[in-house]
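In what follows, a single structure is set out as C-alpha cells and then discussed.
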Amino acid sequence: MKDKKAKLYVITGPSGVGKGTVLSKFFEKNKGNIIYSVSCTTRKPRLGEKNGINYFFISKEEFKKDIENNEFLEWAKYSDNYYGTRKDFVLNSLENGKSVILEIETQGAKKIMEEYKNCVSIFIMPPNMDELENRLRGRKTETEEMILKRLDIVKSELEESKNYKYVVINDKVDKAFEQLQSIYEKERAI
C-alpha cells in the first residue's frame, strides 16, 4: 500500500471498557506501522503494569511542573489523578512520518479533537452499563467509592461518543479489534 501522511489516532472510552485489551491485539498485528504514545499519570501502577510501557508513573509535583512548562499535548485530572500526553514525542513522530495512537481519557481526547481537527477519533463503548460495572469490579484495583465515582463519570463520557468519527462497541474483544483494524485500514487508504 502506498504510504500516506502520518495520522494522529485518538482512542478513548470509559474506564474499564477494555481499551488496553483491544489495543494489545491491534499492536500485535500492526507492529512497526504505528506508534503507541505512552501517557504519563500520577496514579499508582496496577498489578502487572510497568513504568514506560503502560504509563510513565510520575509524582503530582512533577506532573504540575510539566504542565507549567507546557510539556503536554493534552492533560486532564480524572478520578483524583492526572493523566497527560507528552507533546514532543507525538509531534516528532508525526513529523517523521509515523502515525501515532493516543489512548487517553475523554477530557484529553476532547482537547486533542479541538486542536487537531484532522485526528482520527475513536470511542470504545461498553455493551451496557452492567457489563462495564462488572469489568471495573473484576479488576479489584479500586475501592467501592472509586468505582462509584468512575461509574458516575461514565454517564457523561458516553454522551460524548456522538462527537467521535467512529464508535466501536466492545462486547467481544475479537469483534472490537476487527472493527478497529478496519477503521485503521480505511484511514490509511485515505
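The values are calculated or read from the model by the stated rules, or taken from the named source; none is laboratory data. Computed from a predicted model, the values in this text were never measured in an experiment. Backbone-built Cβ (ideal geometry, glycine too); neighbour counts: all protein chains shown. Each accessible area value is taken on the protein alone, full model and side chains, heavy atoms only, with ligands, DNA and RNA left out. Shrake-Rupley method; radii C 1.70, N 1.55, O 1.52, S 1.80 Å.
With every protein chain in place and a 1.4 angstrom probe, the accessible-area ranking of 100, 167, largest first, reads 167, 100. Placing +1 on the Cβ of every Lys and Arg and -1 on the Cβ of every Asp and Glu, with nothing else charged, gives the stretch 26-82 a dipole about its Cα centre of roughly 280 debye. Dividing the summed -39500 (n - 2.57) terms of all DSSP H runs of n ≥ 4 by the residue count of the chain sets its mean residue ellipticity at 222 nm at -13500 deg cm²/dmol.
Around the Cα centre of the chain, unit charges on the Cβ atoms of Lys, Arg, Asp and Glu (plus for the first two, minus for the last two) sum to a dipole of about 540 debye. Expressed as a whole percent, the accessible area of the chain that falls on carbon and sulfur atoms is 49 (1.4 Å probe). Computed with a 1.4 Å probe over protein heavy atoms only, the accessible surface of the stretch 1-53 comes to 53 Å² per residue.
From the cross-link list 7/87; 64/98; 19/172; 64/87, which pairs have alpha carbons spaced over 18 Å apart? Check vs 18 Å cut-off fails for 64/98.
Among DSSP beta bridges lying fully in the stretch 44-190, give the percent that are antiparallel, nearest 5. Given both bridge residues lie in the stretch 44-190, the antiparallel proportion sits at roughly 55 percent.
Loop-located trypsin sites (Lys or Arg not before Pro) across the stretch 56-133 with a Cβ neighbour count of 15 or fewer within 10 Å are 98, 117, with loop assigned by DSSP.
In terms of its alpha-carbon gyration tensor, the chain comes out oblate; a/c meets the 1.5 threshold, while b/c is at least as large as a/b.
What are the aspartates and glutamates whose alpha-carbon lies under 18 Å from the alpha-carbon of residue 31, with same-chain residues fewer than 8 places away excluded? Excluding near neighbours in sequence, the set is 3, 103, 174, 178, 185, 187. Among 47-57, 13-23, the peptide with the highest mean count of other Cβ atoms within 10 Å heads the list, and the full ranking is 13-23, 47-57.
Projecting the Cα atoms of 116, 27, 72 onto the charge dipole of the chain (Cβ charges, centred on the Cα centre) puts 27 farthest toward the positive pole.
When the charge dipole of the stretch 46-173 is built from unit charges on Cβ atoms (+1 for Lys and Arg, -1 for Asp and Glu) and taken about the Cα centre, the candidate among 58, 158, 92 whose Cα reaches farthest toward its positive end is 92. What shape does the stretch 1-72 take by its C-alpha gyration tensor, where a ≥ b ≥ c are the square roots of the eigenvalues and a/c under 1.5 counts as rounded, a/b above b/c as prolate, and the rest as oblate? Note, shape of the stretch 1-72 comes out oblate.
The value of relative contact order for the chain, using C-alpha pairs under 8 Å at least six residues apart, is 33 percent.
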